[in-house]
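Notes follow once the structure below has been shown.
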Amino acid sequence: MRRRDVGVPGWGVVSSVAAPVLLIGGWTLAARRQHGGFDPVVDTISALAARDADDRWVMTTALAGLGVCHLVTALALRPARLPGRLVLGVGGVATVLVAAFPLPSGGGSSQAHSTVAGIAFLCLGLWPLASWRVSAPGLLRRAHALAAGVVLLGLVGWFFAELTSDSARVGLAERVAAGAQALWPLAVVASVIALARRARR
């Protein structure tokens, strides 16, 4: 691996930290601003950005920012293999499109929203499987990356199972899956930085 591909630039660190802050902070603040009440176990994140949601700009902005953060992190995470970075970047672009195609008023569905949301969830679950290197540092090693991919895809599977069965836990499943997907790039970046600092000592 080339020397310039070992570390993560500062702007990539910022984007990896900002991603879970935007997602979790966004859904927390947006839920509090729903005058009719909001049940995070039952209701989806997308409902907070639907056209008839109170102050929908909060969750819309958070989702768009989350997508941009994933895209920036994909550009910055040079120790990861290019296919994994590309998949992470596609997941980021799809997340921005989730914000661009909100759910309609009245609790209806949207084909465009469902499509881009599905792409985002799948890509953000798949990218660790394509990111590992034999000589990679930290959590980019094969065993860690493959385990992460299996867990993240398992959580996505749980969410889709709850969604298709019209379960009362769909909101919970979505938050667990989305939260884990937002936190994994941060964990990878932190592990790469920690090992790079240890190597310089």
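The values are calculated or read from the model by the stated rules, or taken from the named source; none is laboratory data. As the structure is a computational prediction, the values presented were derived from the model and not from experiment. Virtual Cβ from ideal backbone geometry, glycine too; neighbours counted across all protein chains shown. Calculation scope for accessible area: heavy atoms of the full protein, side chains included, ligands and nucleic acids excluded. Shrake-Rupley method; radii C 1.70, N 1.55, O 1.52, S 1.80 Å.
For region 122-144, the candidate set comprises residues that are in a helix (DSSP H, G or I) and out of contact with any Leu (no Cβ under 9 Å at 6 or more places or on another chain); within that set, the residue that is surrounded by the most Cβ atoms within 10 Å (Cβ to Cβ) is Leu139. With farther than 16 Å from Ala94 by Cβ, of a type in the set (Ser, Thr, Tyr) and in contact (Cβ under 8 Å) with a residue 40 or more places away in the chain as the only criterion, which of Ser135, Ser165 stands out? Of the residues listed, the single one that is farther than 16 Å from Ala94 by Cβ, of a type in the set (Ser, Thr, Tyr) and in contact (Cβ under 8 Å) with a residue 40 or more places away in the chain is Ser135. Please determine whether any residue of region 160-172 is at pLDDT 95 or above, more than 22 Å from Pro83 (Cβ to Cβ), small (Gly, Ala, Ser) and in a helix (DSSP H, G or I). Yes, some residue in region 160-172 is at pLDDT 95 or above, more than 22 Å from Pro83 (Cβ to Cβ), small (Gly, Ala, Ser) and in a helix (DSSP H, G or I). I'd like to check something: does region 25-33 contain any residue that is charged (D, E, K, R), in contact with a Lys or Arg (Cβ under 8 Å, 6 or more places away or on another chain) and either touching a residue at least 24 places away in the same chain (Cβ under 8 Å) or under 17 Å from Gly179 (Cα atoms) (or both)? Within region 25-33 (the criterion being charged (D, E, K, R), in contact with a Lys or Arg (Cβ under 8 Å, 6 or more places away or on another chain) and either touching a residue at least 24 places away in the same chain (Cβ under 8 Å) or under 17 Å from Gly179 (Cα atoms) (or both)), the answer is no, since none of the residues qualifies. Taking the conditions (1) without any contact (Cβ under 8 Å) to a residue 12 or more places away in the chain; (2) surrounded by 21 or more Cβ atoms within 10 Å (Cβ to Cβ) in turn, Gly10 satisfies each one other than (2).
The one condition from (1) loosely packed, with under 14 Cβ neighbours inside 10 Å; (2) aliphatic (A, V, I, L, M); (3) in contact (Cβ under 8 Å) with a residue 40 or more places away in the chain that Ala177 does not meet is (1). Of all residues in region 34-58, those satisfying the criterion of being open to solvent by less than 50 Å² (accessible area, probe 1.4 Å), in contact with a Pro (Cβ under 9 Å, 6 or more places away or on another chain) and in contact (Cβ under 8 Å) with a residue 40 or more places away in the chain are Ser46, Ala49, Ala50. Only residues that are aliphatic (A, V, I, L, M) and either closer than 19 Å to Phe159 by Cβ or free of Cβ contacts under 8 Å to residues at least 12 places away in the same chain (or both) were counted in region 91-111, giving 5.
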